[in-house]
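**Q** Once you've had a glance at the structure underneath, I'll fire off some questions.
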Amino acid sequence: MEFTEAYKQTGPCCFSPNARYIAVAVDYRLVIRDTHSFKVVQLFSCLDKISYIEWALDSEYILCGLYKRPMIQAWSLSQPEWTCKIDEGPAGIAYARWSPDSRHILTTSDFQLRLTVWSLLNTACVHVQWPKHASKGVAFTKDGKFAAICTRRDCKDYINLLSCHTWEIMGVFAVDTLDLADIEWSPDDSALVIWDSPLEYKVLIYSPDGRCLFKYQAYESGLGVKSVSWSPCGQFLAVGSYDQMLRVLNHLTWKTFAEFMHLSTVRGPCFAAVFKEVDEPLQLDMSELCLNEDFINGNSDAADGHFGVRYEVTEVPITLAFQKPPADKPNPKQGIGLLSWSNDSQYICTRNDSMPTAMWIWDIHRLELAAILVQKDPIRAAAWDPTCTRLVLCTGSSHLYMWTPSGAYCVSNPLPQFSITDLKWNSDGSCLLLKDKESFCCAALDVLPESSDYSSDD
């Protein structure tokens, strides 16, 4: 595994969809680098500090959200002289996103007064009144032909279906929610999943013509849904709840076929491999070693946070660190806050926010727990390799942690004073973007070995 040098960043960083470029916000400048040579290929200057960036799907355009202004600026890689500026005036801009055709920008005004579709082709714009959310509540079909936009009026939630070709409203229907949280199309574009706010456990499946195909409610009392995710194959719908359970529904009858508990004590019989992060003892011959004053005074790799760690295979029963959330504060840190499918839809990883140091990996084919990764620090981010079954996670330390069906291992970042707080995969699986507080680097990964032995090499 090879690491690049560290580069400065002050905000969002992301790969282009075609995997050729990486966009980095450095104060008011947008820096575009080549993912292979890391040379700067374009440099754009915005009018204020960049709060948000998003690539168009064709990787030709990129937008920058200047939410302090508030304003949107868009740039073209092939035509650096081309510029675009969107300003909603007193209405403000709370969020912006690209349409699937990469030629329209959708902005949501402050206080969700309206959603506006701006055309880059003829400067025309279309308005949708009363969008439900700023950054959520908008979903596009995978073929890019239709958009579902959640709105609210007269104390009721509605779904507006728009054509992404003409941006005309094709249909509007009310949904049975008290306070709609979000919406998502199924991978085959045949259904819409809608879920309610945490105060009401309700997951609704709608057809595009407005028919309610299924209503799922696991329980009535207590906080409800926290996370929802379709499997890439479209056959499964995973629902993570505040009751610390993961439930999986099938796409034929919409019935629950699996329920996975996240208990603080894991007991047998359990065939899952439990990997626990431990410090790696240094194997050094100190007999002929001379230490200078800098080392003695603490100027060492260990003082900089660079020390060896490895995974140790642990037997069950095992007790995981559990944090009971305070009862008098909103948005309690409990329930399934992180939920992600592997690219082949066989595995799903979860993090129960009451046990933030544990990553659970479930095998959907066998309907059992496949592995638990027990970290020393709370898990900040986790992401599956888009090309194979490999999970990478970070905890804010200088190490990367990886799991495959063959085992788990730790990799140390050689850059000094670099704590990995976030990570993202390139779309072709060739590269990982690793973020620190004020810098970023990339790591090139090797092809997965064929060995089936569990390993914990540093």
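**Q** Any idea which of Asp428, Asp446, Asp453, Asp422 is open to solvent by 50 Å² or more (accessible area, probe 1.4 Å), charged (D, E, K, R), modelled with pLDDT under 95 and touching a strand residue (DSSP E or B) at 6+ places or on another chain (Cβ under 7 Å)?
**A** Asp453
**Q** While we're on this one: Report the residue count in the range 376-419 for those that are open to solvent by less than 20 Å² (accessible area, probe 1.4 Å), within 25 Å of Ser345 (Cβ to Cβ) and in a loop (DSSP other than H, G, I, E, B).
**A** Qualifying residue count, the range 376-419: 3.
**Q** So how many residues does the range 294-305 have that are modelled with pLDDT of 50 or more and either in a loop (DSSP other than H, G, I, E, B) or surrounded by 13 or more Cβ atoms within 10 Å (Cβ to Cβ) (or both)? Spell out how you get there, then give the answer.
**A** We begin by selecting, within the range 294-305, every residue modelled with pLDDT of 50 or more; these are 294, 297.
Subset that is either in a loop (DSSP other than H, G, I, E, B) or surrounded by 13 or more Cβ atoms within 10 Å (Cβ to Cβ) (or both): 297.
Of the residues in the range 294-305, 1 are modelled with pLDDT of 50 or more and either in a loop (DSSP other than H, G, I, E, B) or surrounded by 13 or more Cβ atoms within 10 Å (Cβ to Cβ) (or both).
**Q** Filtering the range 359-375 down to residues that are more than 18 Å from Leu338 (Cα to Cα) and in a loop (DSSP other than H, G, I, E, B), which residue is least open to solvent (accessible area, probe 1.4 Å)? Can you show your working first?
**A** Of the residues in the range 359-375, the ones more than 18 Å from Leu338 (Cα to Cα) are 365-368.
Going one step further and asking which of them are in a loop (DSSP other than H, G, I, E, B), we end up with 365-367.
Working: His365: 123, Arg366: 168, Leu367: 80 Å².
Per the stated criteria, the residue is Leu367.
**Q** Just the residues that are in a strand (DSSP E or B) and closer than 14 Å to Gly65 by Cα, please, taken from the range 99-116. Step through it out loud before you land on a result.
**A** If we filter the range 99-116 for residues that are in a strand (DSSP E or B), which is where we start, we get 104-108, 114-116.
Answer for the range 99-116, where residues must be in a strand (DSSP E or B) and closer than 14 Å to Gly65 by Cα: Ile105, Leu106, Thr107, Thr108.
**Q** Can you tell me how many residues in the range 68-98 are in contact with a strand residue (DSSP E or B) (Cβ under 7 Å, 6 or more places away or on another chain) and either among the charged types (D, E, K, R) or assigned to a loop (DSSP other than H, G, I, E, B) (or both)?
**A** Final tally of qualifying residues: 9.
**Q** How many residues does the range 233-257 contain that are small (Gly, Ala, Ser), surrounded by fewer than 18 Cβ atoms within 10 Å (Cβ to Cβ) and in contact (Cβ under 8 Å) with a residue 60 or more places away in the chain?
**A** In the first step, residues of the range 233-257 are kept if they are small (Gly, Ala, Ser); the result is 234, 238, 240-241.
Remaining after also requiring surrounded by fewer than 18 Cβ atoms within 10 Å (Cβ to Cβ): 234.
Right, trim to in contact (Cβ under 8 Å) with a residue 60 or more places away in the chain and you get none.
Selection size over the range 233-257: 0.
**Q** Any residue at all in the range 189-197 that's among the aliphatic types (A, V, I, L, M) and modelled with pLDDT under 95?
**A** Taking the range 189-197 as the starting set, the residues that turn out to be among the aliphatic types (A, V, I, L, M) are 191-194.
Subset that is modelled with pLDDT under 95: none.
No, that holds for no residue.
**Q** Give me the pairs, please: first residue somewhere in the range 203-224 and closer than 26 Å to Ser163 by Cβ, second residue anywhere and open to solvent by 40 Å² or more (accessible area, probe 1.4 Å) and of a type in the set (Val, Ile, Thr), beta-carbon distance under 9 Å, and either six or more positions apart or on two chains.
**A** From the range 203-224, the pairs are Gly210/Val172.
**Q** Being more than 30 Å from Asp196 (Cα to Cα), open to solvent by less than 100 Å² (accessible area, probe 1.4 Å), modelled with pLDDT of 95 or more and not polar (S, T, N, Q) is the requirement here; does Phe260 meet it? Explain how you work it out, then say what you get.
**A** Values: more than 30 Å from Asp196 (Cα to Cα): no; open to solvent by less than 100 Å² (accessible area, probe 1.4 Å): yes; modelled with pLDDT of 95 or more: yes; not polar (S, T, N, Q): yes.
Spelling it out, it is not the case that Phe260 is more than 30 Å from Asp196 (Cα to Cα), open to solvent by less than 100 Å² (accessible area, probe 1.4 Å), modelled with pLDDT of 95 or more and not polar (S, T, N, Q).
**Q** Tally time: how many residues in the range 34-51 are within 23 Å of Glu81 (Cβ to Cβ), touching a residue at least 24 places away in the same chain (Cβ under 8 Å) and assigned to a loop (DSSP other than H, G, I, E, B)? Before you say what the answer is, go through the steps one by one.
**A** If we filter the range 34-51 for residues that are within 23 Å of Glu81 (Cβ to Cβ), which is where we start, we get 34, 39-48, 50.
Keeping just the survivors that are touching a residue at least 24 places away in the same chain (Cβ under 8 Å) gives 41-42, 44, 46-47, 50.
Adding the requirement that they be assigned to a loop (DSSP other than H, G, I, E, B) leaves 46-47, 50.
Result for the range 34-51: 3.
The values are calculated or read from the model by the stated rules, or taken from the named source; none is laboratory data. Model, not experiment: these values are computed from the prediction. Note that we place each Cβ from the backbone using ideal geometry, even for glycine, and neighbour counts take in every protein chain shown. For accessibility, only protein heavy atoms count, side chains too; no ligands or nucleic acids. Shrake-Rupley method; radii C 1.70, N 1.55, O 1.52, S 1.80 Å.
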